[in-house]
Each structure stands twice: as structure tokens, then as C-alpha cells.
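Working notes, structure below.
No lab work stands behind these numbers, since they all come straight from the coordinates. Model, not experiment: these values are computed from the prediction. Cβ: placed from backbone, ideal geometry, glycine included. Neighbour counts: every protein chain shown.
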Amino acid sequence: MTSVAQSAAALRRSGEGTVLVLAGDWRLGEPVADRESTLEALGALPRGTDVSVDGAALGAWDSALIAFLMQAVEATQRGGISLDTAELPDGARKLLALALAVPEKAGARRSHRVPPFVERVGQTAGEIAREANGFVTFVGDVTLSLGRFVTGRARFRKSDLGLAVQQVGIDALGVVALINFLVGLILAFVGAAQLQAFGAAIFVANLVGIAVVRDMAAIMTAIVMAGRSGAAFAASLGTMQSNQEIDALRTAGISPIDYLVLPRVIALVLMMPLLALFADAVGVMGGAVVGMVMLDLSATRYLEQTREALTMGYLLGGLFKATVYGALVAIAGCWRGMLSGRTAAAVGQATTSAVVVGILLIISAAGLFAVVFYVLGL
């Protein structure tokens, strides 16, 4: 194995002049000892200083040496310092002369200007406005597609709808059950720790039942679907975008919204209320476990207390919220997938943004529902 000598650069005083000493093997990717400090010291020399380059100790070199010499020339020119490169190897000297023969084009160098705070705020606001406009436009396209579906004019394969129903419904039962069982268990445990102090442990059933049925089951199920189905929608459509399959559909006169987006939206809108109903039952079971183990309540007593606390309005309100959450998750996933670029990295970014946007929409809608339901007395 060939050994590589450590490259180094240093400034030394020699009589009345200064010498820039270069040593070692200068290769791309290899670190250079004292590189930055030497360039700073070179630019800080008094105006009119004569600097000569000593390359006697140079080993092997490539364009890394030429790049450093270009920086050294720039530093000396700014400070009015003369740089003598006569002692460099012939090849390096000729390459440096060739690089300096044509002046740098004005504006060619990348600018590193940091925009002012107000400008950054304006840019961010503009991006948010464009994203919001794109989302509203996509929602409008999906709404028109649903209209065509109702009138029987939407073109898509029924097998795609069946597959989407299976993927977002049956295949998701396990993770939905686990998450909501734990949510019910946690709510009951926290509530029991407080209510026992007042001798009102039985009302843990009320707490868990109302919280799960009204909000938590729908919210947690929607978040699970955002991370599971929303991401899958974005990845699938993003991959089709990168493979130009969506362009092929447009060329064939087929609407990608009808053919690709509509089955996914319908599947999630249909399955979310059923998943939420399943999550309601599992969440109540989680609370019942705490009631039986920690509070010595019988399963019959706990479930009877839960039944007395719940109303049909709570149940229907929770199912309505779940339906809206399902539509938001499906639209967010498909929207980000349709906007994906044509590279693998772009597909990954679309998948990530689909989950983030989906969860953001869920939480925003949950907050809006909380206010509206309170005002309406529901």
C-alpha cells in the first residue's frame, strides 16, 4: 500500500520576505493541515509584502493544490501582495496560469447572502399561500371527481377500490386495536388515580367512555391511518409520478384523480367510521381492564356505567369526526403523492410531508370540532 504524506501549508519569514511553504501530497478529499489559518494569515500581511511559494517538499498533487493556490492568489490580490510562483512544479504553475488567464464572470460565484428577517417572513408567507391554494385546488378536483362517481361517470377499476378497502380497513385492525386499547388503559389509569381520592372511582367508566367515543378513538385512529395509509398513498403515487405512469394516464385521456385518487379517498372515507366504531369498543375494553384490576369493579358494573354515560349523540358525533378525518388523511396523502418529483429522494419527501400534513389537518379539525360542538351544545 502506497503511503500518503500529510499535506500542509505554512507561512514563514525569510529575510525581508515571506515564504508560503507547501508540503506533502495534495489530493482531493484529503485534509490539509493549517489550510484556513494560512490563508487568513496570507490575506492579513501588510500591503506590498513579497511572498514566494516554496514547493520543494510537495509530493503527489491534483486539482486540490490548484484550488488552494487560486484561493491564495485571491487573498494576495485583495491585500495588494505579490505572489511569486516560480518555485512551483511546472505542471502546477501552468495549470494555475491557465486558470487565471480568463477572468471570473461577474455573478458566476454562488451568493451566500442571508435575506433579512422581513424578507424571510414574506417568502414563508408566500410559500404557505401557494401550498394552501394548491391544497384547495386539489380538494376541488376530488370533489368534482366524487360528483362524477355519484353520477356514474368516473373511470376507475372496481378492483382498485376493493384492494384499497382491504389495505386501509382489514389490514389496519391490529394496529388500531393496539393503539386504542392502550389509550383507553392510560385514560383509565390517570383518571383512577385522581377519582379514587374523592371516592368516585366508578366514574372512571364515564371518563373513558365519553373521551374515547367522542374524540380519542377517532383522533388516534386517524393519526394511525395518516402514518400508515396516508404515507402509503403518497409513496405509491409518488413512485407512479417518477415512473411517468401518471403522465401516461393523462396522455391516454384518463383523469388521474378519477383513476388513482378517487378509489383511495372512497376507501378511507368508508372504512374510517367502521374503524372508529371498532376503536370505541377496544378503548372501552382498555378502561375496563384498569377498572377490574385496579378498582375492583366487575366487568358488568363497569360496562353498565359506561352505557349510562354514553348517548347516541356522542357516538354519532365521533363517527362523523372519523369520517372527516379519513377524508383529510386520504386527500393529504394523495395530494403530496401527486406533487412528488421524479427522484427517489422526492418520493421520500412526499411520503414524509403526507404524514405531517395529515396529522396537522387532523389536529386542526379536532380543535375546530371541539369549538363548534361546544357552541352547538353537542
Answer in debye to the nearest 20: the dipole magnitude of the chain about its Cα centre, from +1 Lys/Arg and -1 Asp/Glu charges placed on Cβ, is 1160
When the charge dipole of the chain is computed with +1 on Lys and Arg Cβ and -1 on Asp and Glu Cβ about the Cα centre, the Cα farthest towards its positive end, among Gly333, Ala75, Leu144, belongs to Leu144
Simple spin-label estimate for Val118/Arg342, 7 Å along Cα→Cβ, in nm, reads 4.1
Sorted on mean Cβ neighbours within 10 Å (highest first), peptides 74-85, 323-334 come out as 323-334, 74-85
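In percent, how large is the relative contact order of the range 309-378, given Cα pairs closer than 8 Å and 6 or more residues apart? Before the final figure, lay out the partial values.
On the way: 38 pairs, mean separation 24.8, N = 70.
Across the range 309-378, relative contact order equals 35 percent.
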Under 5 Å from the placed amide H of Glu87, counting only residues 5+ away or on other chains, we find Val53
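With an 8 Å cut-off on Cα pairs and a minimum separation of 6 or more residues, tell me the relative contact order of the range 7-101 in percent.
Reported as a whole number, the value is 30 percent.
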Expressed as a whole-number percentage, the relative contact order of the range 135-376 with C-alpha contacts under 8 angstrom and at least six residues apart is 33
When Leu20, Leu88, Leu100 are ranked with the fewest other C-beta atoms within 10 Å first, the list becomes Leu100, Leu88, Leu20
Assertion target for Leu182, Leu268, ordered by fewest C-beta neighbours within 10 angstrom first, is Leu182, Leu268
Over the range 7-101, the quotient of the Cα radius of gyration and 2.2 N^0.38 Å is 0.99
Hydrophobic long helices for the chain, i.e. whole DSSP H runs reaching 20 angstrom or more by Cα along the axis with Kyte-Doolittle mean at least -1.0, come out as 63-78, 117-150, 173-195, 262-294, 312-338, 344-376
If one builds a Gaussian network model of the chain from Cα atoms under 10 Å apart, the most fluctuating residue listed among Glu30, Glu131, Glu119 is Glu30
Magnitude of the Cβ-charge dipole (Lys and Arg +1, Asp and Glu -1) of the range 131-250 about the Cα centre, nearest 20 debye, reported as 360
Taking a ≥ b ≥ c as the square roots of the Cα gyration tensor eigenvalues, with a/c under 1.5 meaning rounded and otherwise prolate when a/b beats b/c or oblate if not, the range 196-315 comes out prolate
Inverse of <1/r> over all distinct C-alpha pairs of the chain, i.e. the Kirkwood Rh in Å, gives 26.7
For the range 7-101, the dipole about the Cα centre with charges only on Cβ (Lys and Arg +1, Asp and Glu -1), to the nearest 20 debye, works out at 160
DSSP beta bridges in the chain: the antiparallel percent, rounded to 5, is 35
From the Cα centre of the range 164-240 to that of the range 324-378, the distance in Å is 17
PRE zone check, label point 7 Å out along Cα-to-Cβ of Met70, amide N under 15 Å, scope the range 28-42, hits 28-29
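Taking 0.36 nm per residue of sequence separation and subtracting the Cα-Cα distance, how much length would be gained by fully extending the chain between Asp296 and Tyr374, in nm to one decimal?
Computed gain between Asp296 and Tyr374 is 24.6 nm.
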Cα-based Rg then Dmax for the range 255-378, in Å, read 19.0, 59
